Amino acid sequence: MTSDVETPIQPRSGVRGLPGTFWWLWFGLLVNRAGGFIALLLAFYLSARLHYSATLVGLVLGTLGLGGVIGVLVGGRLADSWGRRATIVAANLSAGAALLTLGSARAVWQILVIVLVLGVVQNMQHPAYSAMLIDILPKEDRVRGFSLNYWALNLAITCSAALGGLLAGFDFHLLFVIDGCTSLAMAVIVLLRVPETLHRESPGGSGGAERPRAPGPLRDSAFLSLVVTATLCGLLFAQYTSTLPLVMQRSGFPPSAYGIVAALNGLLIVAGQLLVPRLLRQRDPSRVLALAAAIIGLGFWLNAWAFDLWSYSLSVVVWTFGEMLYSPSAASLSAELSPVTARGRYQAAMGLSWSLGGLLAPLTGGLVLDRLGAGTLWSCCLLIGLCASSLNLLTVRLRRERIAVLAREAA
């Protein structure tokens, strides 16, 4: 196996120098998420077409989030044992089948069962995908690689938000079909073009020296602090697809208006994300995360004052800037805090933070929205952002010390 010893290589900029496997994964992600209509518009579908209450919508989206929690835990184990490639292929084949089935379901119990399965299989691939990126990207190129990956993700989301908002006005069932087909396309791309990157060591390891056993992500205090702050930020980001469309619908906005707001988030990231690595170079990632969390909380709080499409758009501009700082910094720091022998499990724990946000946000957000109103909901978002910011600042030294220990062990 190759060593992770730090070298004084300067991070490169642009898109050159990254391995071919990275670009096939990048392309597969772009195809898959370009058709990812249901993640954005499921709340609208349940509310406008099936006439569910905000609480019932929250229950369905919460069930999807519960499936996500299960999926990342299972996916992390599979990524470290079965393999990254096999996990991604199986997850996308299953997700395609679940999406095609969901479009025909009408009974509440049917929808709950299908979205639970969908949450599991869609999120199974995330730890394997992240672990594969860490496997193939040199340390000096990780921020750049994660930024390019996030750029592709948001380019795809921008397209799916704009197109999905328009198609929803004609035929919602078509959205399920396209989404399912793009999941199947991702499976085919990885199966045909992406090799396995999991390296299984012999019992004695390379050179006869066995690596120290990883403590487990939830027993690693430095990594756990990152998971907690990511969960808080995930709770904020999930409002974007759970309560925000409900608030806009109650204010009289059509699905196309929400599609414009959702597309703006992606457009801003597509326009600016590739400049972020230059801004983050030589900066402590924990401090960047602290600033980003505060900005994200502030951005969602601005929704309390929104009354038209322009004011909702201003909110999106603010929290998207925080998101652009947050995502590559969190991914890079997570990679540095992940032991080589447990990358799948550690990335599963990181993915768990987003799944927990997806589980808790619609359940708690729907209840707060129904009982206390939108103003209270958005004020809570500001408070959560400030809490995440404070915890990131308090754990700067702890994370630095853990990274130094892992670097010595890898050497």
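The values are calculated or read from the model by the stated rules, or taken from the named source; none is laboratory data. Fair warning: this is a prediction, and the values are worked out from it, not measured in the lab. Here Cβ is always computed from backbone atoms with ideal geometry, including for glycine, and neighbour counts include all displayed protein chains.
Please work out if T21 is under 30 Å from L280 (Cβ atoms), among the hydroxyl-bearing types (S, T, Y) and touching a residue at least 40 places away in the same chain (Cβ under 8 Å).
It is true that T21 is under 30 Å from L280 (Cβ atoms), among the hydroxyl-bearing types (S, T, Y) and touching a residue at least 40 places away in the same chain (Cβ under 8 Å).
May I ask you to list pairs of residues, at least six apart or on different chains, whose Cβ atoms are under 9 Å apart, with the first in region 250-269 being more than 23 Å from S147 (Cβ to Cβ) and the second being outside any helix (DSSP H, G or I) and of a type in the set (A, V, I, L, M, F, W, C)?
Close Cβ pairs (under 9 Å, with a partner that is outside any helix (DSSP H, G or I) and of a type in the set (A, V, I, L, M, F, W, C)) amount to S251/A306; S251/F307; P255/A168; S256/A168; G259/A168; V261/F253.
I want to confirm something. Restricting to region 252-277 and keeping residues that are aliphatic (A, V, I, L, M) and farther than 30 Å from R49 by Cβ, which single residue is surrounded by the fewest Cβ atoms within 10 Å (Cβ to Cβ)?
Top of the filtered list is L275.
Return the total of residues in region 361-383 being aliphatic (A, V, I, L, M), surrounded by fewer than 20 Cβ atoms within 10 Å (Cβ to Cβ) and within 24 Å of L291 (Cα to Cα).
2
Quick check: anything in region 238-245 in a helix (DSSP H, G or I), modelled with pLDDT of 90 or more and closer than 23 Å to Y129 by Cβ?
Scanning region 238-245 turns up no residue that is in a helix (DSSP H, G or I), modelled with pLDDT of 90 or more and closer than 23 Å to Y129 by Cβ.
Could you go through region 100-109 and let me know if any residue there is assigned to a helix (DSSP H, G or I), in contact (Cβ under 8 Å) with a residue 60 or more places away in the chain and under 20 Å from V177 (Cβ atoms).
Scanning region 100-109 turns up at least one residue that is assigned to a helix (DSSP H, G or I), in contact (Cβ under 8 Å) with a residue 60 or more places away in the chain and under 20 Å from V177 (Cβ atoms).
Of the conditions (1) of a type outside the set (A, V, I, L, M, F, W, C); (2) farther than 24 Å from L246 by Cα; (3) in a helix (DSSP H, G or I), S338 clears all except one; give me its number.
Answer for S338: the failing condition is (3).
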